[in-house]
Amino acid sequence: MTHIYDVAVIGAGAAGMMCAAVAGQRGLRVVLIDHADKLAEKIRISGGGRCNFTNLGAGPANFLSENPHFCRSALAGYGPRDFLELLRRHGVAWHEKHRGQLFCDDTSESIIDVLRAECGAGQVQWRMGCGVAEIAREAAGADGDAAARAGAPDGVFVLRTTTAGTLRAAKLVIATGGMAIPQLGATDYGLKVARQFGLKVVEPRPALVPLTFDPALWQPFAALSGVALEAGVRSGQGEFLEDLLFTHRGLSGPAILQISSYWNPGEPLSLDLAPGLDLGQDLVAAKPGNRQQLGTVLAGLWPRRLAEAWLEGDGLATQRLADIPDKTLRALAARIHDWTLVPTGTAGYKKAEVMRGGVDTRGLDQKSMQARAVSGLHFIGEAVDVTGWLGGYNFQWAWASAVACGKAL
Ligand code: FDA
């Protein structure tokens, strides 16, 4: 039996559910397809189980893309306050944690429930546990009803699915996300579909991901695993002041996850381990008559383990501050304010929160997310080359791109 829809959405995650709901509530017949058996696993595990579902300050400056202006229109059309209004209608309580980051008071399941209910209100039909083996385009006028053909002047999309037979739809939305956490069913499917239809793809890479270092060079710091402190971090065009975490293999924590999106292989990172201070000046000023050992002085600023590891080898840890030449203190402070190191890589998609890169937005219309060269084919969410900072921005992009698309279908 052939099923004909106005819209088929592949990927029932954050963006796919939102888009299906908006289109369905406009009266379109929508089918939402996902190869996973369990709905929206990434929403479920996000934000430590409470889903950092948006950021009050979300704007174009919080996103990376080879086409930085692309996200403007969608973000302006559907902002954090719009999503909050949706949550208010469903009675979902939330709180602000840090720097505009909004989380559910209860679990992230509340967000999934909201989206499921919104899809219900739009009579969206679900096909979970269903893959799409093949997508083809069938000339208008072939098998299909008049309404569907009317919406598809260039022909309907024919989806040969693994468990739901052949589905036909006038429009096709790809919302299959990025490749982060393949163990949850993440795939590069969106990129494959883009290439099938001749769209360009910006090279995908793990982002919001820990960075790793040469094991031999990292050996003196491996013992610091678990040490955390606030640090400034810079690489390329990126600069953040956030918490830094030492791990066995390298560095993690919000500061590193943020900068990882800006870091390219071979490039250095610069870390300021005493942000907001002029440490050279402060140490020199504190010198007169100061009989404290330098290790003790630095332990007042940092976790003791870090102070000890940093001074090991210099022979400075046990010297009294008053006895150390100004020049030595200033050189030490300069290294602390600008610790430059070159990562060997990232911890990969298994540990990444998102994929950077994706479907090249220069081939998409920013108002509808439709491929410029393929009428009726749309890409939304993380599959697109728009990557948000850590802190609720990626969900905001999922909602905003989905709503823009859902309204334009
Ligand atoms: P999403 O990944 O949500 O959905 C894609 C869907 O497509 C999935 O259901 C998948 O099963 C399906 N799919 C994939 N391939 C398919 C195929 N071949 N056929 C059929 N279906 C297919 N962001 C944020 O803003 N705040 C946060 O707190 C967090 N926290 C967080 C924690 C962790 C551990 C991770 C990994 C990620 C986050 N994120 C986040 C990022 C956020 O989860 C992500 O950016 C959005 O879920 C992207 O929404 P999409 O709908 O584009 O993809």
Proxy exposure order for SER108, SER73, SER225 (fewest C-beta within 10 Å first) is SER225, SER73, SER108
In order over the range 96-112: 3J(HN,Hα) from phi, Karplus 6.51/-1.76/1.60, θ = phi - 60°, whole Hz, x for each Gly or Pro, gives 8, 9, 6, 6, x, 7, 9, 10, 6, 5, 8, 8, 5, 4, 4, 5, 4
Share of Cα-Cα pairs in the range 211-346 beyond 23 Å, whole percent, is 34 percent
Computed for the range 211-346: size of charge dipole around the Cα centre, +1 on C-beta of each Lys and Arg, -1 on C-beta of each Asp and Glu, debye to nearest 20, value 360 debye
Taking a crude spin-label model, label points 7 Å out from Cα along the C-beta direction, the ASP323 to ARG160 distance in nm is 8.1 nm
Per DSSP, the loop-located trypsin sites (Lys or Arg not before Pro) within the range 190-273 having at most 14 other beta carbons within 10 Å are LYS200
For the range 211-346 the mean separation of alpha carbon contacts under 8 Å (6+ apart) over residue count, i.e. relative contact order in percent, is 30 percent
Per residue, the convex hull enclosing the alpha carbons of the chain has a volume in Å³ of 136 Å³
Once amide hydrogens are built 1.01 Å from N within the peptide plane, the residues lying 5 or more places from SER108 or on another chain with amide H under 5 Å from its amide H are ARG50, CYS51
The answer for the net charge of residues other than ALA285 whose Cβ lies under 13 angstrom from its Cβ, with Lys and Arg +1 and Asp and Glu -1, is -1
Rounded to a whole number, the Stokes-Einstein D of the range 160-254 in µm²/s (Kirkwood radius over Cα pairs; 37 °C; 0.692 mPa s) is 190 µm²/s
Computed for the chain: size of charge dipole around the Cα centre, +1 on C-beta of each Lys and Arg, -1 on C-beta of each Asp and Glu, debye to nearest 20, value 520 debye
Karplus-derived 3J(HN,Hα) from phi for the range 394-409 (6.51 cos²θ - 1.76 cosθ + 1.60, θ = phi - 60°), whole Hz, x at Gly and Pro, runs 5, 5, 4, 5, 4, 4, 5, 5, 5, 5, 4, 5, x, 6, 8, 5
Looking only at lysines whose Cα falls under 21 Å of LYS327's and that sit 8 or more positions away or on another chain, we get LYS287
Once phi for every residue in the range 277-286 is put through the Karplus expression 6.51 cos²θ - 1.76 cosθ + 1.60 (θ = phi - 60°), the whole-Hz ³J(HN,Hα) values, with Gly and Pro written as x, are 10, 10, 4, x, 4, 5, 5, 5, 5, 7
The aspartates and glutamates whose Cα lies under 14 Å from the Cα of LYS407, excluding any fewer than 8 residues away in the same chain, are ASP6, ASP365
For the range 311-409, the Debye formula with one identical point scatterer on each Cα and no solvent gives log10 I(q)/I(0) at q = 0.11, 0.17, 0.18 Å⁻¹ as -0.57, -0.83, -0.89
Residues other than GLY24 with Cβ under 15 Å of its Cβ, Lys/Arg counted +1 and Asp/Glu -1, net out at +4
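Only the coordinates and a few stated rules stand behind these numbers; no lab work does. These figures come from a predicted structure and were not determined experimentally. Because the Cβ atoms are built from the backbone with ideal geometry, glycine has one as well, and the counts that use them run over all protein chains shown.
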